[in-house]
Amino acid sequence: MTKDKNTEEQILSAAKNIFQSKGMNGARMQEIADKAGINKAMLHYYYRSKQLLFEAVFKNAFSLLAPQLNVILNDDSSIEEKIKKFTSNYITFIIKHPYLPSFIIQELNRNPDFILKLKENKGFPNLDKFKIQVAQEIEKGIIKPISAAQLFINIMALNIFPFVAKPLIMAFTDTDDTTYKQLMEDRKIEVSNFIINSIKNV
């Protein structure tokens, strides 16, 4: 039996919806099969395990996000513009794919070699140009002295943490889901301004 592309797309779409609403642990293969309109045996023919299916859904989404971020890191805009675009693109994307950050953390803890598989993907973010640019802007006095690696970690941490710690953030800030989403939208500007103000030479 050969695999049908349309059936595979139906499975990935159904799996993405279930994983988004129930997470990796709460999702059931039978539920995914039902949503995809196929039987469980057919689902297992395409994906032998829930983990393999989750990885396929993740790689699908990551392959959309990573090239976008890579383009931003390697375009000719200033560091300030890069921070704004990176933050806006990342938050917009994760609001649409909220399961991604938790999955990355979970998968890296369970399988540290997983990131090596991701690095092989075309469009995986490359920091070489970003590092050169940071050094140049420091030399010109545009930004304060900072390691490019530390700056990138700051950008990633401030963007990723509120999604990974969503239940904690909602509890601390006493917000419902709608208010939380608005908080995340507001962070597109808040995070950018916070980082830019911390490195900018005034």
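Would you confirm whether any residue within the range 74-89 is within 24 Å of PRO162 (Cβ to Cβ) and of a type in the set (A, V, I, L, M)? Checked the range 74-89: at least one residue is within 24 Å of PRO162 (Cβ to Cβ) and of a type in the set (A, V, I, L, M).
THR92 meets the stated requirement of being over 16 Å from LEU151 (Cα atoms), part of a helix (DSSP H, G or I) and assigned by TED's automatic domain parsing to the domain that holds ILE195. Checked against the criterion of being of a type in the set (Val, Ile, Thr), over 21 Å from TYR90 (Cβ atoms) and assigned by TED's automatic domain parsing to the domain that holds LEU108, the candidates ILE153, ILE138 yield just one match: ILE138. Listed by first and then second residue, the pairs linking a residue in the range 185-202 that is part of a helix (DSSP H, G or I) to a residue that is exposed (fewer than 14 other Cβ atoms within 10 Å of the Cβ), with Cβ atoms under 7 Å apart and 6 or more places separating them unless they lie on different chains, are ILE199/LYS144.
Would it be correct to say that LYS181 is of a type in the set (Lys, Arg) and in a helix (DSSP H, G or I)? Yes, satisfied. Answer yes if at least one residue in the range 158-166 is assigned by TED's automatic domain parsing to the domain that holds ALA66 and either under 20 Å from GLU81 (Cβ atoms) or touching an Asp or Glu at 6+ places or on another chain (Cβ under 7 Å) (or both), and no otherwise. Scanning the range 158-166, I find at least one residue that is assigned by TED's automatic domain parsing to the domain that holds ALA66 and either under 20 Å from GLU81 (Cβ atoms) or touching an Asp or Glu at 6+ places or on another chain (Cβ under 7 Å) (or both), so the answer is yes. Among all residues of the range 94-101, there is at least one that is free of Cβ contacts under 8 Å to residues at least 40 places away in the same chain and surrounded by fewer than 17 Cβ atoms within 10 Å (Cβ to Cβ).
Does PRO125 satisfy the criteria of being surrounded by 12 or more Cβ atoms within 10 Å (Cβ to Cβ), under 19 Å from the mean Cα position of the chain (by Cα) and outside any helix (DSSP H, G or I)? When the stated conditions are applied, PRO125 passes them.
All told, GLU80 meets the bar of being over 20 Å from the mean Cα position of the chain (by Cα) and in the same structural domain as TYR180 (by TED's automatic domain parsing).
What are the residues in the range 128-142 that are over 12 Å from LYS82 (Cα atoms), in a helix (DSSP H, G or I) and over 21 Å from the mean Cα position of the chain (by Cα), if any?
LYS131, ILE132, ALA135, GLN136, GLU137, ILE138, GLU139
If only one of ASN121, ASN126 is closer than 26 Å to GLY23 by Cα and either of a type outside the set (Phe, Trp, Tyr) or outside the structural domain of ASN60 (by TED's automatic domain parsing) (or both), which one is it? Every option except ASN121 fails the conditions.
The values are calculated or read from the model by the stated rules, or taken from the named source; none is laboratory data. Just so we're clear, the structure is a prediction, and the values are computed from it rather than from any experiment. Using ideal geometry, Cβ is built from the backbone for each residue, glycine included, and neighbour counts are taken over all protein chains shown.
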